[in-house]
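Novice: One structure, as structure tokens, below. Some questions next.
Derivation of every value follows stated rules applied to the coordinates shown; laboratory data play no part. Quantities reported herein were computed from a predicted structural model and do not represent experimental measurements. Here the Cβ positions follow ideal geometry from the backbone for every residue, glycine too, while neighbour counts run over all protein chains shown.
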Amino acid sequence: MSTELFSLAGRTALVTGSSRGLGRAIAEGLGRAGARLVLNGVNPERLEAAAAELRGEGLDVLTAAFDVTDEAAVLAAFAGFDAEGLEIDILVNNAGIQFRKPMLELETADWRRVIDTNLTSAFLLGREAARRMATRGRGKLVNIGSLTSELARATVAPYTVAKGGVKMLTRAMAAEWGEKGLQANAIGPGYMLTDMNEALVADPAFDGWVKGRTPARRWGRPEELVGAAVFLSSAASDYVNGQILYVDGGMSVVL
Ligand code: GCO
């Protein structure tokens with residue numbers, strides 16, 4: 001079987017929240033598979049630092065600093081891509097935040113902030129990318145879900161609801177955009193070693209729980225999402241639509 005099937009040569013990938021963490025790892029992996037990268041983040045300095053590192057590794061990297069929750073900023077970013085003749089072939093909706101607090105103590109503003117960052121942003125960027133992809137009859141949308149797209153954990157309700165929404169938004173995108181030649185799929189990371197989870201990793205009880213609940217008996221590494229991301233961004237997944245692929249060491253399938 002040709003590895004061409006998984007090549008992203010000649011394709012441009014926009015990865016939101018790619019200054020660090022899962023987004024940075026996924027972007028690097030897509031770059032190594034041949035894609036030109038457009039990194040996104042809200043912090044220009046952090047974004048440029050990540051871009052410089054990846055350019056230092058020989059990757060073709062552009063940056064687009066904007067807030068994925070700000071509709072005007074999203075529209076302006078895509079207008080800028082249009083003006084530069086930059087066609088986004090692959091959109092990875094990775095940007096997300098975590099906010100851990102029991103619902104009875106949760107402020108509505110915090111609820112809205114998590115939903116906007118983790119879910120509404122995927123709609124805002126997906127809609128703008130799909131408008132343009134549809135004119136070309138092809139495009140890949142890869143949304144980053146979570147184990148919490150399926151299972152709830154106490155104290156992370158807005159994150160859980162948003163990630164459940166990401167799974168169903170992925171299916172809605174497939175339902176409406178499949179006929180336009182686009183494929184929309186999701187990746188469901190398990191418990192990964194990221195800044196967002198630093199406090200959990202450092203907590204012996206939580207660390208033990210993750211290792212006990214996961215057949216792989218370990219946390220995942222961000223780079224372990226690259227295979228799924230390349231697959232869902234490449235021709236290898238041209239007949240895959242609306243799916244969520246769990247990269248979780250088996251955690252989602254065991255009691
Ligand atoms: C938490 C974690 C999880 C993981 C991941 C699991 O507080 O439980 O942050 O949400 O980050 O989403 O798939």
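Novice: Does T155 count as within 28 Å of G249 (Cα to Cα) and either of a type in the set (S, T, N, Q) or more than 14 Å from the ligand (Cβ to nearest atom) (or both)?
Specialist: Spelling it out, T155 is indeed within 28 Å of G249 (Cα to Cα) and either of a type in the set (S, T, N, Q) or more than 14 Å from the ligand (Cβ to nearest atom) (or both).
Novice: While we're looking at this one, here's another question. Look at the stretch 196-223 and say how many of its residues are in contact (Cβ under 8 Å) with a residue 24 or more places away in the chain and either among the aromatic types (F, W, Y) or within 25 Å of K140 (Cα to Cα) (or both).
Specialist: Selection size over the stretch 196-223: 5.
Novice: Is there a residue in the stretch 186-196 that is under 19 Å from A33 (Cα atoms), within 16 Å of the ligand (Cβ to nearest atom) and of a type in the set (G, A, S)?
Specialist: Yes: one or more hits.
Novice: Which of the following residues is more than 27 Å from V226 (Cβ to Cβ) and surrounded by fewer than 20 Cβ atoms within 10 Å (Cβ to Cβ): T108, T120?
Specialist: Answer to the check: T108.
Novice: Tell me, which residue of the stretch 1-54 that is of a type in the set (A, V, I, L, M, F, W, C) and in a strand (DSSP E or B) is surrounded by the fewest Cβ atoms within 10 Å (Cβ to Cβ)?
Specialist: V38
Novice: Condition first: over 23 Å from A130 (Cα atoms), in contact (Cβ under 8 Å) with a residue 12 or more places away in the chain and surrounded by 13 or more Cβ atoms within 10 Å (Cβ to Cβ). Can you find one or more residues in the stretch 64-81 that meet it?
Specialist: Taking every residue of the stretch 64-81 in turn, none turns out to be over 23 Å from A130 (Cα atoms), in contact (Cβ under 8 Å) with a residue 12 or more places away in the chain and surrounded by 13 or more Cβ atoms within 10 Å (Cβ to Cβ).
Novice: Still on this structure, please answer the following. Filter the stretch 201-227 down to the residues that are in a helix (DSSP H, G or I), of a type in the set (A, V, I, L, M, F, W, C) and closer than 18 Å to R20 by Cα and list them by number.
Specialist: Result: V201, L225, V226.
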